[in-house]
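Okay, so here's the structure we're looking at.
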Amino acid sequence: MQVASFDRPKQEEITRLTDEHRALKARLRELDKHISLTSAEQVERAQLKKMKLRTKEKLLRLQQN
């Protein structure tokens, strides 16, 4: 299926956000493999979870429009 030229920026943003979401999810999985986390890792994990949620919300908004 060919994407109309006016939809291309939207599709590129969806692709970028999907890639970002995937990378955040992968890093969270790495952290979840640890038996215990350092203070810095705990902060990173919390930040990653928030970023992942914001990314998912942006994706959903784009896909609904």
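Some notes on this structure:
- Helical content of the chain, expressed as a calculated mean residue ellipticity at 222 nm, amounts to -28000 deg cm²/dmol (DSSP H runs of 4 or more residues, -39,500 (n - 2.57) each, divided by residue number, nearest 500).
- Å³ per residue enclosed by the Cα convex hull of the chain: 79 Å³
- Cβ-to-Cβ counts within 10 Å put H21, H34 in ascending order as H34, H21, the fewest first.
- The charge dipole of the chain, taken about its Cα centre with unit charges on the Cβ atoms of Lys, Arg (+1), Asp and Glu (-1) only, comes to about 160 debye.
- A simple packing score, the average count of other Cβ atoms within 10 Å per residue, orders the peptides 11-20, 51-60 as 51-60, 11-20, with the highest score first.
Every number in this text was worked out from the coordinates using simple rules, so none of it is lab data. What you see is a predicted model, and the numbers here were worked out from it, not measured in a lab. Methodologically, a virtual Cβ is constructed for each residue, glycine included, from the backbone with ideal geometry; neighbour enumeration extends over all protein chains shown.
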